[in-house]
Amino acid sequence: MDINVFREFAEVVLQGSYSAAAKALNLSQPTLSRHVGALEKELNVKLVADILPVRLTPAGDTVLQTALRMDDLYTGMQDELAELRRVAPARIRIHDTPALRPLSARLAAAADGTVRTHPRTIVEYVAPPAGKTPGEAVAEDLCDVAFVQLVKEARPCGAGSVSEDGRVATPEAGAPAFKPPAGVEMAAISRPGSRLVFGLPREAAGLPEAELASLRHETFLLFAHKTCKPLRDTFAAACRSRGFRPAVKLLPCSRYEELYLMGHGDGIHLLSEDDLASDDSLAHRLEERMALVPSAAADGLQLSWHALYRDEGSVRDPAQARVAGRRPDAGARPAGAGSGGASHATALACFLELLSEPGACPA
């Protein structure tokens with residue numbers, strides 16, 4: 001059915017006659033009469049009771065009201081499409097790596113929530129050139145947000161251990177041994193207190209926890225991927241603070257599951273409570289192959305995800321924003337964002353907020 005016939009019918013009523021409506025529509029009167037007759041046949045109702053002046057039947061009045069609403073909707077749609085053509089969509093480019101598998105569900109939910117809140121936003125995965133760390137990719141504008149896992153020290157400041165050369169290591173409480181490049185901000189998105197979990201041989205099943213220092217003679221299995229370098233560096237720093245340098249075997253896996261679910265010889269895997277809690281199926285499969293033992297509470301070791309993004313003024317650390325009692329998009333929208341549209345910074349702030357606090361999003 002052609003929507004124009006409803007506009008023509010409404011014009012007949014508004015003009016009060018077929019002749020006046022035909023002139024306004026630049027149609028011949030017989031053509032206009034034929035169109036209205038075809039509409040009556042399509043709807044199987046009589047619309048016009050009298051022609052001079054035009055008087056509608058009850059069915060005709062119902063169709064008229066609908067036709068007027070259709071015209072308003074069509075005009076509104078045209079205006080919105082014109083605005084979309086005028087304002088470029090905000091794009092959020094995620095640095096895609098095999099290690100992101102534990103975050104996949106949360107990323108999808110945050111992307112969906114961001115697009116629903118800011119419809120002119122496109123969230124997509126990109127693959128920066130090989131050899132770039134997540135921080136470098138963000139700093140060089142090869143992506144908008146990247147993710148790293150870091151081992152964090154949650155022990156009280158001053159709590160340390162004696163190293164092999166007799167010195168006492170005293171890591172700063174809660175501070176990861178990782179610093180993003182200049183101009184790149186970092187926000188924690190994992191559940192606070194997500195402990196480091198060791199994937200030990202099956203015979204260790206039932207062990208309530210394990211101290212990192214007790215594993216000093218073991219080999220640890222990690223991704224041979226440059227995007228995982230921050231994890232390797234912060235884990236090595238935690239080991240050094242306990243007086244030993246870890247033996248690390250780097251595995252060149254193309255998929256996250258390959259690292260944990262394929263045989264790579266003897267070695268210990270590193271996982272997090274947060275990742276295991278977010279993927280029950282993976283946790284179940286891992287428990288069939290290894291014993292999942294949390295790190296000792298006395299060690300205070302946490303394994304958490306952090307988002308890296310460029311400082312764009314209105315994008316702030318979601319955790320800091322909540323402490324300050326404001327949303328991370330408190331800054332004004334840049335000119336050209338459009339009425340009801342989302343600037344890149346606003347959309348990115350929403351995305352980060354949904355990652356760190358599912359269910360919440362900047363207005």
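Using a simple spin-label model with pseudo-atoms 7 Å out from Cα toward Cβ, ARG285 and ALA204 lie 2.1 nm apart. Other residues within the sphere of radius under 14 Å centred on the Cβ of ALA109, judged by their own Cβ, net out at -2 (K and R +1, D and E -1). The modelled label-to-label distance between MET262 and ALA298, using points 7 Å beyond Cα along the C-beta direction, is 3.9 nm. Computed over neighbours whose Cβ is under 11 Å from that of GLU287, the net charge equals +1, Lys and Arg +1, Asp and Glu -1. Simple point charges give the picture: +1 on the Cβ of Lys and Arg, -1 on the Cβ of Asp and Glu, and for segment 1-104 a dipole about the Cα centre of about 320 debye. Just add up the charged neighbours of LEU68: K/R +1, D/E -1, any other residue whose Cβ is under 12 Å from the Cβ of LEU68. Net charge in that neighbourhood comes out at -2.
Note on LYS46: lysines with a C-alpha under 27 Å away, same-chain residues under 8 apart excluded, are LYS23. Site pair ARG34 and SER17 shows an inter-label distance of 2.3 nm when each label is modelled 7 Å from Cα along Cα→Cβ.
Selection among PRO53, ALA38, GLY113 by position relative to the dipole of segment 1-131 gives GLY113 as farthest towards the positive end (Cβ unit charges, Cα centre). Amide H contacts of VAL248: PHE220, each under 5 Å away and 5 or more positions distant or on a separate chain (H built 1.01 Å from N in the peptide plane; Pro and chain starts excluded).
Expected output is a single nm value to one decimal: the length gained when fully extending between GLU218 and ILE122, i.e. 0.36 nm times separation in residues minus the C-alpha distance. What is it?
Answer, rounded to one decimal: 30.1 nm.
Since every read-out is calculated from the coordinates, none of them should be taken as a lab result. Keep in mind that this is a model prediction, so the values were computed, not measured. FYI the Cβ positions are ideal-geometry reconstructions off the backbone, even for glycines, and counts take in every protein chain you see.
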